[in-house]
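The values are calculated or read from the model by the stated rules, or taken from the named source; none is laboratory data. The structure displayed is predicted, hence computed values, not measured ones. Here the Cβ positions follow ideal geometry from the backbone for every residue, glycine too, while neighbour counts run over all protein chains shown. Side chains included, ligands, DNA and RNA excluded: accessible areas come from the protein's heavy atoms. Shrake-Rupley method; radii C 1.70, N 1.55, O 1.52, S 1.80 Å.
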Amino acid sequence: MRLSKPVFMFVSLLFIVALSGFAHGFVMTPRTLLDRLSESSYYLTTRELWFDQTLDHYSPYDHRQFKQRYYEFLDYFQVPDGPIFLKICGESSCSGISNDYISVLAKKFGAAVVSLEHRYYGKSSPFKSHSTGNLKYLSSKQALFDLAAFRQWYQESLNLKQNRPGADNSWFVFGISYSGALSAWFRHKFPHLTCGSLASSAVVLAVYNYTEFDKQVGESAGPECKAVLQEITELVDRSLESNGKELRKQFGATELEIDGDFLYFLADAAVVAFQYGNPDVLCTPLVEAKKAGENLVAAYAKYVKDYYVGTFGVIVETYNQNHLKNTTVSENDSDRLWWFQVCTEVAYFQVAPSNDSIRSSKVDTKYHLDLCKNVFGEGIYPEVDVTNTYYGGTKIAGSKIVFTNGSQDPWRHASKQTSSPDMPSYIITCHNCGHGTDMRGCPQSPLRIEGNAQNCSSPDAVNKVRQKMIEHMDLWLSECKGTGRSYM
């Protein structure tokens, strides 16, 4: 979920994806990088299948439906009674079932893997226009009912194929970032439909002013790099007032005419290094530039253009509010959609703390509220208290949910970081352990085949948490089946 985008959600995707399109805020894996990773080895399957989904689960009178895209992978499935893993796609186009650590788990447990694209995203839009009025059915609540309806339909379809009327396989749900929150919320709201949940970097707490995000960026950067980033912010703020046009040109962002959009873009550029496990790509050249007495703004501009835009693949336009106003339906453009969820449900406003901040103080609450109003019109406001009351926030009253977070991830402060009965929580601690490390390995972007943890600064830290995940899954799946036998 900028969410810098739940940046996510986000999102579950090619994962980085929960997280990919890119709505500044959750930084999700941008489309250009996903395109480079679209080789077959990066996916377990890309074969599209379709499900007729209900548009409004809350109306007994509205019987409209839309086509929702999904995928299935059966290579490891132990027919007929192996478990079924439901991998939730988040706030981006879902191009297939990515070959991350879930493939290892599916093989270990003899599981089928199915993945449902989130409503409105990718090819699963109910409308031909994403006008504000047409987005009224875009919410996490509707998405959870989508998952429940799909789960029931898929089980019945499987039973029909296998001539096993009334059978019920053991289901387990997975998600990262925003889709990690959906995974936890699904188990909470529909405990009879799944044996358990893995909620990786799950942003279950909606936050209005998310100052902890910026504080974690500073902590993850370390004192030396943090100081350089703060100095760059001061220099940029000053230069923006005196020569904003030339400054934007230096960063290749002349189209970002609103100061807040431009400063958000610069803040996110730093965030991704820590969120996705590449801290040295950012900090090493900046600290060296500082020691050499070089121009720090120029050094940061080089990083932004070479890495953030060049390698990571972010498109500057995604930060432009005029772009966010575009109501055209596009498979690979999820920015407007995620911002609608931000502006109505979860906020995650990544505002600068009152002191010792990394990002510019101009990225404040007013900037976010003005964006919501400018992009979606009057009356759009994030009902954070309603969201947290409905789901419980970090006090979620669920069971059999594993929460995992990376120590360097700014999003972990919107997740459940302490264990409670039947809901263990683990923090994977290492220098490059960020968003979804348990499922993605290190770095978290680009995708590591089968979530390879070899490049994590502490592979043992990742593997220990993965072993705990497996133990919980094995116990809960066996309890769910009622046999008491291990799946492994």
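What about GLY398, is it modelled with pLDDT of 95 or more, touching a His at 6+ places or on another chain (Cβ under 7 Å) and in the same structural domain as LYS189 (by the TED database)? Answer is yes for this residue.
Conditions tested, residue by residue: (1) open to solvent by 40 Å² or more (accessible area, probe 1.4 Å); (2) of a type in the set (Gly, Ala, Ser); (3) assigned to a helix (DSSP H, G or I).
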| position | (1), (2), (3) |
| --- | --- |
| CYS225 | no, no, yes |
| GLU231 | yes, no, yes |
| ARG238 | yes, no, yes |
| SER242 | yes, yes, yes |
| THR254 | yes, no, no |
| ASP261 | no, no, yes |
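Is it true that GLN408 is part of a loop (DSSP other than H, G, I, E, B), out of contact with any His (no Cβ under 7 Å at 6 or more places or on another chain), surrounded by fewer than 20 Cβ atoms within 10 Å (Cβ to Cβ) and not assigned by the TED database to the domain that holds ILE232? Here the answer is no, as GLN408 does not meet what is asked. The C-beta contact set for segment 302-317 (first residue assigned by the TED database to the domain that holds ALA270, second residue hydroxyl-bearing (Ser, Thr, Tyr) and in a helix (DSSP H, G or I), distance under 6 angstrom, 6+ apart or interchain) comprises GLY313/THR32; VAL314/TYR308. All told, GLU471 falls short of being over 29 Å from TYR348 (Cα atoms), open to solvent by 20 Å² or more (accessible area, probe 1.4 Å) and in contact with a helix residue (DSSP H, G or I) (Cβ under 7 Å, 6 or more places away or on another chain).
For beta carbons closer than 7 Å, sequence separation of 6+ or different chains, a first residue in segment 364-376 that is more than 15 Å from HIS323 (Cα to Cα) and a second that is surrounded by 14 or more Cβ atoms within 10 Å (Cβ to Cβ), the qualifying pairs are ASP364/VAL351; ASP364/ALA352; THR365/ASN209; THR365/PHE349; THR365/VAL351; TYR367/GLY260; HIS368/PHE349. If you go through segment 309-327 and keep only what is among the small types (Gly, Ala, Ser) and surrounded by 15 or more Cβ atoms within 10 Å (Cβ to Cβ), you end up with just GLY313. Which residues, taken from segment 80-93, are part of a loop (DSSP other than H, G, I, E, B) and within 15 Å of VAL173 (Cβ to Cβ)? Selection gives PRO83, CYS89, GLY90.
What do you reckon, is VAL27 closer than 22 Å to TYR276 by Cα, of a type in the set (A, V, I, L, M, F, W, C), open to solvent by 10 Å² or more (accessible area, probe 1.4 Å) and at pLDDT 50 or above? Here the answer is no, as VAL27 does not meet what is asked.
Going by what's in this entry, would TYR367 be described as within 21 Å of the chain's Cα centre (by Cα), among the aromatic types (Phe, Trp, Tyr) and surrounded by 15 or more Cβ atoms within 10 Å (Cβ to Cβ)?
no
The combined condition, being buried (at least 16 other Cβ atoms within 10 Å of the Cβ), of a type in the set (Lys, Arg) and under 25 Å from LEU324 (Cα atoms), is not fulfilled by ARG151. All of VAL173, VAL114 fail the test of being more than 20 Å from VAL386 (Cβ to Cβ) and over 18 Å from the mean Cα position of the chain (by Cα), apart from VAL114. Kindly list the number of the only condition in (1) farther than 28 Å from ILE427 by Cβ; (2) open to solvent by 10 Å² or more (accessible area, probe 1.4 Å) that fails for LEU135. Tallying (1) farther than 28 Å from ILE427 by Cβ; (2) open to solvent by 10 Å² or more (accessible area, probe 1.4 Å), LEU135 fails exactly one: (2).
Just to be sure before I move on: is TYR381 surrounded by fewer than 23 Cβ atoms within 10 Å (Cβ to Cβ), among the hydroxyl-bearing types (Ser, Thr, Tyr) and over 30 Å from CYS195 (Cα atoms) in the structure I sent?
Working: surrounded by fewer than 23 Cβ atoms within 10 Å (Cβ to Cβ): yes; among the hydroxyl-bearing types (Ser, Thr, Tyr): yes; over 30 Å from CYS195 (Cα atoms): yes.
When the stated conditions are applied, TYR381 passes them.
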